[in-house]
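Below: the structure, in structure tokens.
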Amino acid sequence: MSKQIALLRGINVGGKNKVPMAGLRKALTDHGFGGVATYVASGNVVFDDPGTPPEKTAAAVEAVVEREFGLRIPVVARTRDEIAAVVAGNPLPEGAAEPARFLAVFLSGPAPADAWFRTADPASYAPDRFAIGDRVVYVWCPGGIGRSKLAADFSGRRLAVTATARNWNTVLKLLEMADG
């Protein structure tokens, strides 16, 4: 059976937007999602593909979280094949060699033409690098994510779409779970 992956933005960070993973698994199962599994407490959920486009699945997960936990949490969803395409299409293989310092920033839709990162001077972020993919931005921070101006800009700047980042280890684990 094919799988979908939901990425919840900003839960269980700094004591805010607390959502217990066992509770999330139960809530999603109770609302008709099958084969629900979570990975770490940062809002990564793999489940049987409900047969809806990922954008509709994301909205359904958002509704469950709001109903069950009283939180309005943005969600980005992808199919297993879309996650596999992110991995296969990685334009920064040197970043993948340092998976804890390499992020995939998943976007809920195409990046707007006027998005700050489309017009930013990449040299101003050196040694950090980024590359824009299909509804994903690859971000490599060789000096570490915690000290990176580029990573901070992706978490702090507003976009016209929802964005949520996962390190490469997490991306690979989610793909493995979707294949399992």
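For the reader, a short list of remarks on this structure follows.
- Any chance Lys18 is surrounded by fewer than 16 Cβ atoms within 10 Å (Cβ to Cβ) and within 24 Å of Trp168 (Cα to Cα): yes
- Flag for Ala77 being in the same structural domain as Val13 (by TED's automatic domain parsing), of a type in the set (A, V, I, L, M), within 17 Å of Thr170 (Cα to Cα) and within 16 Å of the chain's Cα centre (by Cα): yes
- Selection within the range 25-63 - assigned to a helix (DSSP H, G or I), more than 17 Å from the chain's Cα centre (by Cα) and not polar (S, T, N, Q): Arg25, Lys26, Ala27, Leu28, Asp30, Ala63
- Test set (1) over 18 Å from the mean Cα position of the chain (by Cα); (2) surrounded by 14 or more Cβ atoms within 10 Å (Cβ to Cβ) - Glu66 fails condition number: (2)
- Condition broken by Arg129, with the remaining ones in (1) modelled with pLDDT of 95 or more; (2) under 21 Å from Ser42 (Cβ atoms); (3) in contact with a strand residue (DSSP E or B) (Cβ under 7 Å, 6 or more places away or on another chain) satisfied: (2)
- Condition broken by Ala160, with the remaining ones in (1) at pLDDT 90 or above; (2) surrounded by fewer than 15 Cβ atoms within 10 Å (Cβ to Cβ); (3) out of contact with any helix residue (DSSP H, G or I) (no Cβ under 7 Å at 6 or more places or on another chain); (4) under 26 Å from Ile73 (Cα atoms) satisfied: (1)
- If the condition is being within 18 Å of the chain's Cα centre (by Cα) and in a loop (DSSP other than H, G, I, E, B), then the range 1-13 contributes Arg9, Gly10, Ile11, Asn12.
- Filtered residues of the range 38-64 (kept if under 19 Å from Ala165 (Cα atoms) and of a type in the set (A, V, I, L, M)): Val40, Ala41, Val45, Val46, Ala58, Ala59, Val61
- Taking the range 121-157 as the range and being surrounded by 14 or more Cβ atoms within 10 Å (Cβ to Cβ), more than 14 Å from the chain's Cα centre (by Cα) and more than 16 Å from Leu92 (Cβ to Cβ) as the test, only Asp153 passes.
The values are calculated or read from the model by the stated rules, or taken from the named source; none is laboratory data. Only a predicted model underlies this, so the values are computations on that prediction, with no experimental measurement involved. Note that each Cβ is placed from the backbone with ideal geometry, even for glycine, and that neighbours are counted across all protein chains shown.
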